[in-house]
Every structure is written in C-alpha cells, then in structure tokens.
Amino acid sequence: MDISYRKVEQRDNPYLAKMIRGVIEEFDAPRTGTVYSDSSTDTLFELFQESNSVLWVAEQNNEAIGCCGIFPTEGLDNGYCELVKFYISDKARGKGIGKELMLKTIDSAKEFGYTHIYLESLPHFSKAISMYEESGFITIDKQLGNSGHSSCNVWMLKKI
C-alpha cells in the first residue's frame, strides 16, 4: 500500500468532490446544510488558495483517496481555524490514512500560528467523532463561526 500525502492540486477537484459527496450518500447524511451542497466542494483547489489554509490529500495510484484541511472560517475568534473537508474513501478506511491526514492538518494549524481548531460534524460520522475525541477534541454546546453548515449539530474544539 503506497500512500503519498501532499497539498491539494487543481487536478484533484473532480475526484475530491465525487468522493466527498459519495461519503455523505454512503452514511445517509443530510445533503442540504452540509458540504454536500456547497458550491466550493467542486473547487477545493481554488478555495484553499486562501491564506492560512491548507488541504492535505492522500493519494494512492494517482487517485485522491482522502482529504483533510484547515480553514480560517469567517466569524471564528482570533487564533481559531476550522478542521474541514475531512473525508476518506470507503476503500481507504481503517488503514491509518485518516489519522495521518489529521496529524498533518494539526501540524499545519500550529505552523500557521492558530491556537484552537474547531470542527463541525454529524452523528452519522460516529467513527470520525471517536477519532476526534482520541485526538483531544472536546464537544462544545454551540456552533462557532459562520460555516453555513446548518445541518451539522456536533461541534468540537481542540486547543493546540
């Protein structure tokens, strides 16, 4: 299993959009008020040209099989970023790829000088939520910032 990790490239856009929407469908998660209906899901390379943001991609056999990033979401407090677009293809789960992507993302957040990482999720993704907890994220009782993801009702925060 030869996996490489790199920053998002323009050529990844259609593969990542398809994978992300496929995961949402697989877990029967809401399509509206989530990344599924975001127009930016089709243009992730362009989205992550924003300063102090990065999207890490796991690649195998020239195919993007996972991604995870941080983004300075509008409305977050100073020093806060959001962990975003964390999706792993069904054929790549359970191999440590998600954990590696998350570690790279947390390291990037530290390099950018962030002090906290916030995330939003759904109960549908209970395995991911368990991984967040193992990585030091704690559940908080309200949404932070303005992600536009009104369907997400699990909010977590990690001090770094």
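The values are calculated or read from the model by the stated rules, or taken from the named source; none is laboratory data. Source: prediction; values computed, not measured. Here the Cβ is made from the backbone with ideal geometry for all residues, glycine too, and neighbour counts use every protein chain on show.
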With respect to residue 115, is the statement that it is loosely packed, with under 15 Cβ neighbours inside 10 Å, β-branched (Val, Ile, Thr) and within 23 Å of residue 29 (Cα to Cα) true? no
Of the conditions (1) closer than 27 Å to residue 15 by Cβ; (2) over 15 Å from the mean Cα position of the chain (by Cα); (3) modelled with pLDDT of 95 or more, residue 76 clears all except one; give me its number. (1)
When residues of the stretch 103-160 are filtered for being in contact (Cβ under 8 Å) with a residue 60 or more places away in the chain and in a helix (DSSP H, G or I), how many remain? 3
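Scanning for something more than 20 Å from residue 7 (Cβ to Cβ) and not hydroxyl-bearing (Ser, Thr, Tyr), does the stretch 105-117 turn up at least one residue?
Yes, the stretch 105-117 contains a residue that is more than 20 Å from residue 7 (Cβ to Cβ) and not hydroxyl-bearing (Ser, Thr, Tyr).
Yes/no per residue for (1) of a type outside the set (A, V, I, L, M); (2) closer than 17 Å to residue 151 by Cα; (3) in contact with an Asp or Glu (Cβ under 8 Å, 6 or more places away or on another chain); (4) surrounded by 22 or more Cβ atoms within 10 Å (Cβ to Cβ):
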{"position": "13", "(1), (2), (3), (4)": "yes, no, yes, no"}
{"position": "17", "(1), (2), (3), (4)": "no, no, yes, no"}
{"position": "60", "(1), (2), (3), (4)": "yes, no, yes, no"}
{"position": "86", "(1), (2), (3), (4)": "yes, yes, no, yes"}
What strands (runs of 3 or more DSSP E) lie completely within the stretch 1-97 and have 2 or more residues being within 17 Å of residue 117 (Cβ to Cβ) and in contact with a strand residue (DSSP E or B) (Cβ under 6 Å, 6 or more places away or on another chain)? 54-60, 63-71, 80-88
Search result, residues across the stretch 19-58 that are β-branched (Val, Ile, Thr), touching a residue at least 60 places away in the same chain (Cβ under 8 Å) and surrounded by 18 or more Cβ atoms within 10 Å (Cβ to Cβ): 20, 23, 34, 35
Go through (1) touching a Ser or Thr at 6+ places or on another chain (Cβ under 9 Å); (2) buried (at least 18 other Cβ atoms within 10 Å of the Cβ); (3) within 20 Å of residue 149 (Cβ to Cβ) one by one and return the number of the condition residue 64 breaks. (3)
When the stretch 106-134 is checked residue by residue, the ones that are among the basic types (Lys, Arg) and either at positive phi or modelled with pLDDT of 95 or more (or both) are 110
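I'd like the residue in the stretch 1-45 that is of a type in the set (Asp, Glu) and closer than 23 Å to residue 99 by Cβ and, out of all such residues, is modelled with the lowest pLDDT.
The qualifying residue modelled with the lowest pLDDT is 2.
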